[in-house]
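I have placed the structure first, in the form of structure tokens, so that the comments after it can refer back to it.
The values are calculated or read from the model by the stated rules, or taken from the named source; none is laboratory data. Remember, predicted model here, so these are calculated numbers, not experimental data. Positions of Cβ are backbone-derived with ideal geometry, glycine not excepted, and every protein chain shown enters the neighbour counts. Protein only, heavy atoms only, side chains kept; ligands, DNA and RNA dropped before computing areas. Shrake-Rupley method; radii C 1.70, N 1.55, O 1.52, S 1.80 Å.
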Amino acid sequence: MASTKFMGLLLAVIHVAMSKVEVPKISLNDGNQIPILGLGTYGSAKDIARMRQAINWAIEAGYRHIDTASLYGNEVEIGQGIADVINRGLVKREDLFVTTKLWNDKHARDQVVPALQESLSRLGLDYVDLYLIHSPESEKADGTSANIDYLETWQGMEEAKRLGLAKSIGVSNFNIEQIDRLLANSNIPPAVNEIEVHPSLTQTDLVAHNQDRKIVVMAYSPFGFLVSRNRPSAVSLRADDPALVKIAQKYGKTTGQVVLRYLIDRGMIPIPKSTDQNRQRENIDVFDFKLTRDEIETINSFNSNTSIF
Ligand code: NDP
């Protein structure tokens, strides 16, 4: 009986070890390293309830990079998942890359560090690897504009980095003009700009503008309209589009995997969200093929400048 149990455990360990994918890393402009694919975590209350288990599955599958935000209301569950995988001996804290974000209602300079400390307390961590300004827009609690300049907010972000509470700092949803203004008026340049990029919103200029300035682009909502967005869309690119299917068949991959690879091959870091173990495994299994320039151009041609948000 005991030996059957032992064999079961051994097989489970072998299964985890064999099916784990190694995600490559790249350097940020501050010298820190970032895995080039991360796990998105934004979702419903049902997703939040599944998040602790989802983090365990993701780490088993090879994910080392987790994207959350104070807005998502899941930092506690993500922290529990991280504690589990460390306690299980699967990883050490330093093997993980954890990103969280400052919400719009905490943009005053002296609110930034306390907001990060609250996120850290929910996550049960001493530091995050990356702290992002979620959006250049500041808001009051009632949702109206607080008119706080993001340059002021950035000073608080720089302080968070100096204090070691965030190893790297960056922004999200910044356009070209905002990036340039920030670069011209900061001591520490942003390491990352996290923006919406997928085949229906290719963002060619904004992506190139960031990359030319050594700012890494993290691509959110990477599947675009390939997955259901619970809203009607006349221009949605479907997962069974013949041109996409043709590329997928060539590599023996799904069209979702092709789209993730497309973003990686354009030098971006996609952060696909899934709380499902099989889909998590599918989404990380994109490091054994590479698209050609023509295939990237084919997917670029789906651009319709259509945002999900
Ligand atoms: P994604 O493009 O990651 O799509 C997520 C949806 O696709 C979920 O419904 C998921 O369901 C489903 N899905 C995942 N994998 C598969 C698959 N292989 N086949 C079919 N369906 C699949 O969209 P998100 O909007 O969630 O973006 C990703 C992440 O980016 C967010 O979770 C968040 O971390 C970040 N983000 C950041 C924003 C910002 O302003 N900075 C804004 C929006 C997102 P299931 O879980 O059931 O698998």
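Within the stretch 27-51, residues that are closer than 13 Å to GLY81 by Cβ and charged (D, E, K, R) sit with their Cβ atoms under 6 Å from residues that are within 15 Å of the ligand (Cβ to nearest atom) and at pLDDT 95 or above, at 6+ positions apart or across chains, in these pairs: ASP47/THR275; ARG50/THR275.
Reported count of residues in the stretch 272-283, each being in contact (Cβ under 8 Å) with a residue 24 or more places away in the chain, among the polar types (S, T, N, Q) and open to solvent by 30 Å² or more (accessible area, probe 1.4 Å), is 1. For the stretch 178-201, which residues satisfy the criterion of being assigned to a loop (DSSP other than H, G, I, E, B) and more than 14 Å from the ligand (Cβ to nearest atom)? Hits for the stretch 178-201 are ASN185, SER186, ASN187, ILE188, PRO189, ALA191.
Is it true that some residue in the stretch 202-218 is within 11 Å of the ligand (Cβ to nearest atom), in a loop (DSSP other than H, G, I, E, B) and hydrophobic (A, V, I, L, M, F, W, C)? It would help to see each step written out before you state the result.
Quick first cut of the stretch 202-218, residues within 11 Å of the ligand (Cβ to nearest atom) only: 218.
Retained after the next criterion (residues that are in a loop (DSSP other than H, G, I, E, B)): none.
Scanning the stretch 202-218 turns up no residue that is within 11 Å of the ligand (Cβ to nearest atom), in a loop (DSSP other than H, G, I, E, B) and hydrophobic (A, V, I, L, M, F, W, C).
Scanning for something under 22 Å from ILE179 (Cβ atoms) and over 15 Å from the mean Cα position of the chain (by Cα), does the stretch 265-279 turn up at least one residue? Spell out the reasoning first.
Of all residues in the stretch 265-279, those under 22 Å from ILE179 (Cβ atoms) come to 266-271.
If we keep only those that are over 15 Å from the mean Cα position of the chain (by Cα) too, we end up with 266.
Yes, some residue in the stretch 265-279 is under 22 Å from ILE179 (Cβ atoms) and over 15 Å from the mean Cα position of the chain (by Cα).
Of the listed requirements (1) touching a strand residue (DSSP E or B) at 6+ places or on another chain (Cβ under 8 Å); (2) buried (at least 24 other Cβ atoms within 10 Å of the Cβ); (3) polar (S, T, N, Q), ASN104 misses just one: (2).
Quick check on the stretch 56-91: of everything there that is small (Gly, Ala, Ser), part of a helix (DSSP H, G or I) and farther than 30 Å from SER138 by Cα, which residue is farthest from the ligand (Cβ to nearest atom)? Steps first, answer last, please.
Quick first cut of the stretch 56-91, residues small (Gly, Ala, Ser) only: 58, 61-62, 69-70, 73, 79, 81, 83, 89.
Narrowing further to those that are part of a helix (DSSP H, G or I): 58, 61, 70, 79, 81, 83.
Within this subset, residues satisfying the condition of being farther than 30 Å from SER138 by Cα are 58, 61, 81, 83.
On the way: ALA58: 11, ALA61: 12, GLY81: 14, ALA83: 20 Å.
Per the criteria, the residue is ALA83.
Only helices (runs of 4 or more DSSP H) whose full extent lies in the stretch 250-309 are considered here, and the ones with at least 3 residues that are more than 15 Å from the ligand (Cβ to nearest atom) and not small (Gly, Ala, Ser) are 293-300. The residue pairs whose first member lies in the stretch 168-186 and is over 15 Å from ASP212 (Cβ atoms), whose second member is among the basic types (Lys, Arg) and surrounded by 13 or more Cβ atoms within 10 Å (Cβ to Cβ), and whose beta carbons are closer than 7 Å, counting only pairs six or more residues apart or on different chains, are ILE169/LYS161; SER172/LYS101.
Of everything in the stretch 38-55, what is part of a loop (DSSP other than H, G, I, E, B) and either open to solvent by 10 Å² or more (accessible area, probe 1.4 Å) or charged (D, E, K, R) (or both)? Give them in sequence order.
Going residue by residue through the stretch 38-55, those that are part of a loop (DSSP other than H, G, I, E, B) are 38, 41-44.
Residues satisfying the conditions are TYR42, GLY43, SER44.
Restricting attention to the stretch 118-177, the residues that are open to solvent by 50 Å² or more (accessible area, probe 1.4 Å), over 12 Å from LYS101 (Cβ atoms) and assigned to a loop (DSSP other than H, G, I, E, B) add up to 11. Being on the phi < 0 side of the Ramachandran plot, modelled with pLDDT under 95 and touching a Phe, Trp or Tyr at 6+ places or on another chain (Cβ under 6 Å) is a condition met by no residue of the stretch 212-226.
Among the criteria (1) within 16 Å of the ligand (Cβ to nearest atom); (2) under 12 Å from VAL197 (Cβ atoms); (3) surrounded by fewer than 17 Cβ atoms within 10 Å (Cβ to Cβ), the one GLY224 does not fulfil is (3). Total residues in the stretch 284-309 satisfying the condition of being in contact (Cβ under 8 Å) with a residue 40 or more places away in the chain and not aliphatic (A, V, I, L, M): the figure is 12. For the stretch 113-164: of the residues being at pLDDT 95 or above and basic (Lys, Arg), which is nearest to ARG93 (Cα to Cα)? This residue is ARG122.
One residue stands out among those in the stretch 92-106 that are in a helix (DSSP H, G or I) and closer than 18 Å to GLU118 by Cβ: the one that is nearest to the ligand (Cβ to nearest atom), which is ASN104.
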